[in-house]
Amino acid sequence: FISIVSKKRGLTANVKLRMFVFASYLLVANPRVVLYISDLDYGTRCILYYPEYGIDSGRPLGDYIKKGGVYQRSFEKGVVLVNPDQNTPRTFVLGKSYKKIVPTGGGPVQKDGYWNGRIDYEKVDRTITVYPLSGIVLKNI
């Protein structure tokens, strides 16, 4: 098994960084790879949950590829894009329209099981800019 662990202060509030970590995980995801995101502002005594954990992309349709400086992996229900460059935004041609996943909230799970968060969607028409150090998860329309 391989564990991908991201431990940093401020991860709960920094959705852009969380999506970079989550999308990067999806590039290599398989049943033997797990992801753990830990916001060090909350210590180790609470359970953290983020809405992106519930995204169902379906099975991967192959391994990731690198195209125009962007890493891409296709899934049954969408595609994931990651730009690891620290400075250069990349415009990526998709070939069709998608819904971009936009998570909000997340963080500590309360004693009653409640957690604050949701997934919203933005329509993307055929092209998208993947900004430096960012990851995007797109769902089929």
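The values are calculated or read from the model by the stated rules, or taken from the named source; none is laboratory data. These figures come from a predicted structure and were not determined experimentally. Cβ coordinates were reconstructed from backbone atoms using ideal geometry, including for glycine residues, and neighbour counts include every protein chain displayed. When the accessible area is computed, the model is the full protein with side chains, heavy atoms only, and any ligands, DNA or RNA have been set aside. Shrake-Rupley method; radii C 1.70, N 1.55, O 1.52, S 1.80 Å.
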## Note on the structure
Kirkwood Rh for the range 1-51 from C-alpha pairs, in Å, is 11.5 Å
### Query
Applying the Karplus parametrisation 6.51 cos²θ - 1.76 cosθ + 1.60 with θ = phi - 60° to the phi angles of the range 114-123, what ³J(HN,Hα) value in whole Hz is obtained for each residue in order, glycine and proline being reported as x?
6, 9, 9, x, 7, 10, 10, 10, 10, 6
### Message
Less than 13 Å Cβ to Cβ from V102, Lys/Arg counted +1 and Asp/Glu -1: what total charge do the surrounding residues give?
### Response
+4
## Note on the structure
Note on the range 31-92: alpha-carbon gyration tensor, axes a ≥ b ≥ c; rule is a/c under 1.5 for rounded, else prolate if a/b larger than b/c, else oblate; result oblate
### Message
List residues of the range 45-80, by number, whose backbone nitrogen lies under 16 Å from a label position 7 Å along Cα→C-beta of K111.
### Response
45-47
### Task
Let me know the charge dipole size of the chain about its Cα centre in debye, to the nearest 20, where only the beta-carbon of Lys, Arg (+1) and Asp, Glu (-1) is charged.
200 debye
### Query
Counting Lys and Arg as +1 and Asp and Glu as -1, what is the net charge of the other residues whose Cβ lies under 15 Å from the Cβ of S38?
+2
### Query
Accessible area per residue, 1.4 Å probe, Å², for the range 1-127: what's the number?
61 Å²
#### Entry: Full-extension gain in nm, K8 to D41, via 0.36 nm per residue minus C-alpha separation
11.1 nm
## Note on the structure
Computed ³J(HN,Hα) along the range 127-134: with the Karplus parameters 6.51/-1.76/1.60, θ = phi - 60°, integer Hz and x for glycine or proline, the list is 9, 8, 9, 9, 6, x, 6, 9
### Straight-distance crosslink candidates among lysines, where the alpha carbon sits under 19 Å from K16 and sequence neighbours closer than 8 are dropped
K7, K8, K99, K100, K123, K139
### Query
In degrees from 0 to 90, rounded to the nearest 10, what is the angle of the helix 15-28 Cα long axis to the longest principal axis of the chain?
70 degrees
### Computed magnitude of the charge dipole of the range 58-141 (debye, nearest 20; Cβ of K, R +1, Cβ of D, E -1)
240 debye
### Query
Which net charge results when you count Lys and Arg as +1 and Asp and Glu as -1 among the other residues whose beta-carbon is under 12 Å from that of V21?
+2
### Query
Percentage of Cα-Cα pair distances in the chain greater than 20 Å, rounded to whole percent?
47 percent
### Query
Between T88 and Y121, what FRET efficiency follows from the Cβ-Cβ distance if R0 is 22 Å, with the result rounded to 0.05?
0.25
